[in-house]
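Novice: For reference, the structure I am asking about is given below.
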Amino acid sequence: MGYLGSGKSLLPLNMPVLSGREVTTDTLLLARLAGDVKSNVCFDLGTGTGEVLGNAGLRSAFSVGIDVSFEALALFDRSAGQPVLCSVENVPSMFRKGCADLVLANPPYNVADHGRKSPDPLRREAREGDPLLLYRFIFAGAHLLREGGCMIVTGRHERREEIEFGFRAAGFCCIEKYDQGRVVAVKALLKNS
């Protein structure tokens, strides 16, 4: 059986996945960067089936995967963390402020009603959102993080400036960018008050 990612990866290539929830370049980039951050409590916003947590090697961290898709969470590998059915809008009412030191997110990157829609409803759900969804992911991450905590967001290159703008608006600093093909990851720390 083959495995994805670096030598630390635990996700088998032949595990069942939902259409639209396949392991992608942005998933692997996010997992690689997450594996380099020391954390005790990690949240993955929009976790899907948990591929990021499964590939990040965060075995010493308590990890929580949050998603709105019951179908995706039904396939979540609980050895990688705890799945929670919750929208990013409800994160502040469901979780205590400042409870995490690492938050990961690979938000939907297509704006609904623009471009070609996928005929597969789950793929469309995983990849489409409204224009403000990216910012809701970032502000939910800021709510979850303790001061000095790290958030990493991946997306397409054309969204890099929006991600950076969202980080600055939510009170993040020390913004770093990582390019990989058509994908960018932006990593930032939540400012101390």
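The values are calculated or read from the model by the stated rules, or taken from the named source; none is laboratory data. Predicted, not measured: the structure shown is a model, and the values here were computed from it. All Cβ positions, even for glycine, are placed from backbone atoms using ideal geometry, and neighbour counts span all protein chains on display.
Novice: Could we say that SER39 is free of Cβ contacts under 8 Å to residues at least 40 places away in the same chain, of a type in the set (Ser, Thr, Tyr) and touching a Leu at 6+ places or on another chain (Cβ under 7 Å) here? Lay out the reasoning, then the answer.
Specialist: Working: free of Cβ contacts under 8 Å to residues at least 40 places away in the same chain: no; of a type in the set (Ser, Thr, Tyr): yes; touching a Leu at 6+ places or on another chain (Cβ under 7 Å): yes.
The answer is no for SER39.
Novice: For residues in the stretch 20-63 being modelled with pLDDT under 90 and of a type in the set (Ser, Thr, Tyr), which is farthest from the chain's Cα centre (by Cα)?
Specialist: Looking at the filtered set, the residue picked out is SER60.
Novice: Out of (1) touching a Gly at 6+ places or on another chain (Cβ under 9 Å); (2) modelled with pLDDT of 90 or more, the odd one out for PRO92 is which?
Specialist: Looking at each condition in turn, PRO92 falls short on (1).
Novice: Still on this model: Taking the condition of being crowded, with 20+ Cβ neighbours inside 10 Å and within 16 Å of the chain's Cα centre (by Cα), how many residues in the stretch 160-193 meet it?
Specialist: So the answer is 9.
Here is a yes/no grid of residues against (1) in contact (Cβ under 8 Å) with a residue 24 or more places away in the chain; (2) closer than 16 Å to PHE43 by Cα; (3) in contact with a helix residue (DSSP H, G or I) (Cβ under 7 Å, 6 or more places away or on another chain); (4) of a type in the set (Gly, Ala, Ser):
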{"position": "ARG136", "(1), (2), (3), (4)": "yes, yes, yes, no"}
{"position": "GLY141", "(1), (2), (3), (4)": "yes, yes, no, yes"}
{"position": "ARG146", "(1), (2), (3), (4)": "yes, yes, no, no"}
{"position": "GLY149", "(1), (2), (3), (4)": "yes, yes, no, yes"}
{"position": "GLU161", "(1), (2), (3), (4)": "no, no, no, no"}
{"position": "PHE167", "(1), (2), (3), (4)": "yes, no, yes, no"}
{"position": "GLY171", "(1), (2), (3), (4)": "yes, no, yes, yes"}
{"position": "LYS187", "(1), (2), (3), (4)": "yes, yes, yes, no"}
{"position": "LYS191", "(1), (2), (3), (4)": "yes, no, no, no"}
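Novice: I've got another one for you. What residue, of ILE152, ILE163, is modelled with pLDDT of 90 or more, within 21 Å of THR25 (Cβ to Cβ), in a helix (DSSP H, G or I) and of a type outside the set (D, E, K, R)?
Specialist: When all the criteria are applied, what remains is ILE163.
Novice: Report every pair of residues separated by at least 6 positions or lying on different chains whose Cβ atoms are under 6 Å apart, first residue within the stretch 48-64 and closer than 17 Å to LEU85 by Cα, second assigned to a loop (DSSP other than H, G, I, E, B) and among the small types (Gly, Ala, Ser).
Specialist: Going by the 6 Å Cβ cut-off, the qualifying pairs are GLY50/ALA80; LEU53/ALA80; LEU53/GLY81; SER63/GLY81; VAL64/GLY81.
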